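To start, the structure under review is shown below, and the notes come after it.
The values are calculated or read from the model by the stated rules, or taken from the named source; none is laboratory data. Worth saying up front: this structure is predicted, and the values here are computed from it rather than measured. Cβ placement follows ideal geometry from the backbone for every residue including glycine, while neighbour counts extend to all protein chains displayed. Surface areas here come from the heavy atoms of the whole protein model, side chains and all, with no ligands, DNA or RNA. Shrake-Rupley method; radii C 1.70, N 1.55, O 1.52, S 1.80 Å.
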Amino acid sequence: MRQEITSELSENGIDKFFFLKKTSPSPSVIEYEDNRRESYFEFTSYVFWEENSKIYIQKFDFSGKYQPRVIESFSGFQLISQNLQKMKNEFVKPYEEIVDGKQNQFVNPIQYKFNLHFNIYKDEFENNFGEFELEKNRGFINSGAEIKNINYISNRELKIIELFTLCNIEIQKLEKVKLERLK
């Protein structure tokens, strides 16, 4: 689907866009009457683009795409323009804690995964991370608000995460509106 949308945007002369894809933490399973089973990870993606001094967002998922909508006051492309080289080289660090004086990396296999894929003036790059890497602590009972993830602050200071936060604000607004699915 991303390739199809990339082709459509490029054919329309749009050379400044990016995708945000959110993949579910666990697979969905389809069971058929003949006892066959298929599993897949559900995803929801959003494409953001700039066209004729307007910013658009369009949602799409495993079953199709929705009508694009204009976004008011989105500073994401300005952030990208000012920080393009920095964003190309930024990576979200893994969740790590100091335990018994040693630095330990923790992995949470049950987490949403995010992929930001950029196409800015034909310059393509992407960044992948999970929601767990952005957490303060592992969320155990009595863990409180104490920051245990030693990479929490540095991850939150990344421009790529600043853009991710701006996108999530727009996505939350979009999800409150009844979207028309395109045929």
When you go through (1) within 24 Å of residue 178 (Cβ to Cβ); (2) among the aromatic types (Phe, Trp, Tyr); (3) under 15 Å from the mean Cα position of the chain (by Cα) one by one for residue 17, which number turns out not to apply? (1)
Note down all Cβ pairs under 6 Å where the first residue falls in region 98-127 and is more than 21 Å from residue 45 (Cβ to Cβ), the second is assigned to a strand (DSSP E or B), and they're at least six residues apart or on different chains. 103/96; 104/97; 105/96
Please work out which residue is most open to solvent (accessible area, probe 1.4 Å), limiting yourself to region 94-115 and to residues that are part of a strand (DSSP E or B) and under 30 Å from residue 179 (Cα atoms). 113
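Taking into account only those residues within region 12-28 that are assigned to a strand (DSSP E or B) and touching an Asp or Glu at 6+ places or on another chain (Cβ under 6 Å), which is modelled with the lowest pLDDT? So that I can check it myself, show each step before the final result.
Of region 12-28, the ones assigned to a strand (DSSP E or B) are 16-23, 28.
Restricting the remaining residues to those that are touching an Asp or Glu at 6+ places or on another chain (Cβ under 6 Å) gives 16, 28.
Working: 16: 92, 28: 65.
In this case the residue turns out to be 28.
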Selection over region 50-71 where residues are basic (Lys, Arg), crowded, with 16+ Cβ neighbours inside 10 Å and farther than 15 Å from residue 172 by Cα yields a count of 1
Determine if region 29-43 includes at least one residue that is surrounded by 12 or more Cβ atoms within 10 Å (Cβ to Cβ), part of a loop (DSSP other than H, G, I, E, B), modelled with pLDDT under 90 and touching a strand residue (DSSP E or B) at 6+ places or on another chain (Cβ under 7 Å). yes
Given the conditions (1) surrounded by 17 or more Cβ atoms within 10 Å (Cβ to Cβ); (2) closer than 17 Å to residue 126 by Cβ, every one holds for residue 79 apart from (1)
In region 45-62, the residues that are outside any strand (DSSP E or B) and touching a residue at least 12 places away in the same chain (Cβ under 8 Å): 62
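Within region 85-93, is even one residue over 21 Å from residue 122 (Cβ atoms) and open to solvent by 70 Å² or more (accessible area, probe 1.4 Å)? Let's see the steps before the verdict.
We begin by selecting, within region 85-93, every residue over 21 Å from residue 122 (Cβ atoms); these are 91-93.
Imposing the further condition that a residue be open to solvent by 70 Å² or more (accessible area, probe 1.4 Å) reduces the set to 91, 93.
Scanning region 85-93 turns up at least one residue that is over 21 Å from residue 122 (Cβ atoms) and open to solvent by 70 Å² or more (accessible area, probe 1.4 Å).
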